[in-house]
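Right, one structure below, let's go through it.
The values are calculated or read from the model by the stated rules, or taken from the named source; none is laboratory data. Please read all numbers here as calculations on a predicted model, not as lab measurements. Ideal geometry is used to build each Cβ from the backbone, glycine not excepted, and the neighbour counts take in all protein chains shown. Ligands, DNA and RNA are stripped out before the accessible areas are found, and what is left, the full protein with its side chains, is counted by its heavy atoms. Shrake-Rupley method; radii C 1.70, N 1.55, O 1.52, S 1.80 Å.
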Amino acid sequence: MHWSSGLVVAGLCLWATYCSLSVDAANWAEKFGDSINLTLYLRDKNVTFNINDSVSILSHPGFKRASPTVLYMHGYTESNQSRSVGRVASAFLKRGDHNFILVDWNHYVTFPYVKAFFNLFQVSHALAKSITRMVESGLKRESLWVVAHSLGGQLAGVTAKDLDFKLPRITALDPALPGFTFDGIPNLGPKDAEFVDVIHTDSGFFGFDQRIGHIDFFPNNGTRVQPGCPSYVVGIYDGHCSHHRSWDFFAESLLNETAFPAVPCDNWTKFTKGECKSTDTAYMGIRAGEARHKRGKYYLETAETAPFGKGLLGVTNLTSSSSSVFSVFTGLLSSNQKPLPTSWGWDQ
């Protein structure tokens with residue numbers, strides 16, 4: 001059992017002791033709906049709708065009915081002010097070829113994690129009903145694309161299970177690990193959409209450590225410490241830097257679609273030894289959608305700082321940063337380590 005899952009077990013036990021005497025699991029969370037918002041991001045001014053009024057988005061002049069629609073689900077303790085939301089939204093707006101709608105469920109993902117964990121299973125019901133109403137009112141289901149980070153990645157999977165139709169695509173950015181490895185707990189899986197692609201950057205810590213999509217990308221082995229992230233505790237703790245690399249990479253792919261080619265491989269060791277040279281590449285990020293027929297684990301190497309994508313050099317010209325030893329000491333050896341960018345204006 002992972003240490004993170006162990007903490008969740010302890011938390012669940014405490015939570016159950018406090019609540020289960022008179023309340024069943026379905027009622028542990030608060031009432032849902034009124035505090036979930038959907039925000040349509042526009043170049044001039046964003047427009048926010050309550051989830052119960054989601055159909056009104058379709059009639060807003062800024063909503064482009066002919067364009068595909070992205071539903072972005074943020075993670076634990078995040079909100080519309082978080083850097084992940086700002087970075088991904090900005091990239092989609094620069095592209096200009098998608099509707100970008102944020103599912104803002106920040107009211108239900110505040111501390112403690114155990115409460116957010118249980119809230120997720122209630123939020124998913126409300127969100128599924130909202131999506132269904134939008135589809136019944138004219139939103140083309142074949143144009144829907146769910147992109148989700150961390151706990152939002154698991155929300156995407158659970159919400160998909162509540163729909164009476166299959167989503168075309170779910171892109172999960174380092175979907176959350178704690179609490180989702182136990183029997184009977186629903187979590188994201190390949191059956192939740194016609195195509196599920198996953199980017200792992202902190203697997204085994206904050207991120208899920210197993211293959212759970214049709215195609216799973218493992219940049220830099222998909223684990224912490226990601227190149228360029230600081231090691232506050234040698235080789236173990238880097239804050240959330242590695243976890244956040246998933247949306248950093250994804251956002252970059254929106255503006256440079258060929259930045260992150262990856263090759264299929266059994267594991268990182270074989271990849272770094274050059275044993276997985278292949279012409280069967282798949283691109284991590286937005287262009288993963290072109291690899292719908294492919295399956296398995298795909299590996300690549302990235303740069304330490306933005307721009308992170310190395311193109312074909314990330315699969316053909318591996319450097320010493322590919323070794324696990326280097327990854328452990330990345331934060332200590334980088335004398336010119338720069339902090340994560342804070343210029344987007346969405347910092348928590």
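If the condition is being out of contact with any His (no Cβ under 7 Å at 6 or more places or on another chain) and crowded, with 19+ Cβ neighbours inside 10 Å, then segment 164-181 contributes Leu167, Arg169, Ile170, Thr171, Ala172, Pro175, Ala176, Pro178, Gly179, Phe180. Restricting attention to segment 134-156, the residues that are among the hydrophobic types (A, V, I, L, M, F, W, C), open to solvent by 10 Å² or more (accessible area, probe 1.4 Å) and touching a Pro at 6+ places or on another chain (Cβ under 8 Å) add up to 1. Within segment 66-75, identify whether any single residue is closer than 25 Å to Ile286 by Cα, of a type in the set (Gly, Ala, Ser) and within 16 Å of the chain's Cα centre (by Cα), and answer yes or no. Among the residues of segment 66-75, at least one is closer than 25 Å to Ile286 by Cα, of a type in the set (Gly, Ala, Ser) and within 16 Å of the chain's Cα centre (by Cα), which makes the answer yes. Exactly one residue out of Glu304, Glu275, Glu257, Glu290 is in a helix (DSSP H, G or I) and not polar (S, T, N, Q), and it is Glu290. For segment 288-321, taking the residues that are in contact (Cβ under 8 Å) with a residue 60 or more places away in the chain, out of contact with any Cys (no Cβ under 8 Å at 6 or more places or on another chain) and of a type in the set (Lys, Arg), the one that is most open to solvent (accessible area, probe 1.4 Å) is identified as Arg295. When only residues in segment 278-287 that are part of a loop (DSSP other than H, G, I, E, B) and touching a residue at least 24 places away in the same chain (Cβ under 8 Å) count, which is nearest to Ala148 (Cα to Cα)? Of everything passing the filter in segment 278-287, Gly285 is nearest to Ala148 (Cα to Cα).
Considering each residue of segment 171-179 in turn, none proves to be of a type outside the set (Phe, Trp, Tyr), farther than 16 Å from His243 by Cβ and in a loop (DSSP other than H, G, I, E, B).
May I ask you to verify whether Thr201 is in contact with a Pro (Cβ under 7 Å, 6 or more places away or on another chain) and part of a loop (DSSP other than H, G, I, E, B)? Yes: the conditions hold for Thr201. Flag: Gly184 matches the condition of being free of Cβ contacts under 8 Å to residues at least 60 places away in the same chain, open to solvent by 10 Å² or more (accessible area, probe 1.4 Å) and part of a loop (DSSP other than H, G, I, E, B). Got at least one residue in segment 191-198 being crowded, with 23+ Cβ neighbours inside 10 Å and part of a loop (DSSP other than H, G, I, E, B)? No: zero hits. The residues of segment 77-133 that are of a type in the set (Ser, Thr, Tyr), open to solvent by 10 Å² or more (accessible area, probe 1.4 Å) and more than 23 Å from Leu167 (Cα to Cα), listed by number, are Thr77, Ser79, Ser90, Thr110, Tyr113. Of the listed requirements (1) assigned to a loop (DSSP other than H, G, I, E, B); (2) open to solvent by less than 20 Å² (accessible area, probe 1.4 Å); (3) under 23 Å from Tyr108 (Cβ atoms); (4) not small (Gly, Ala, Ser), Thr159 misses just one: (1).
Among the residues of segment 173-184, write down those that are farther than 16 Å from Phe205 by Cα and at pLDDT 95 or above. Hits for segment 173-184: nothing passes.
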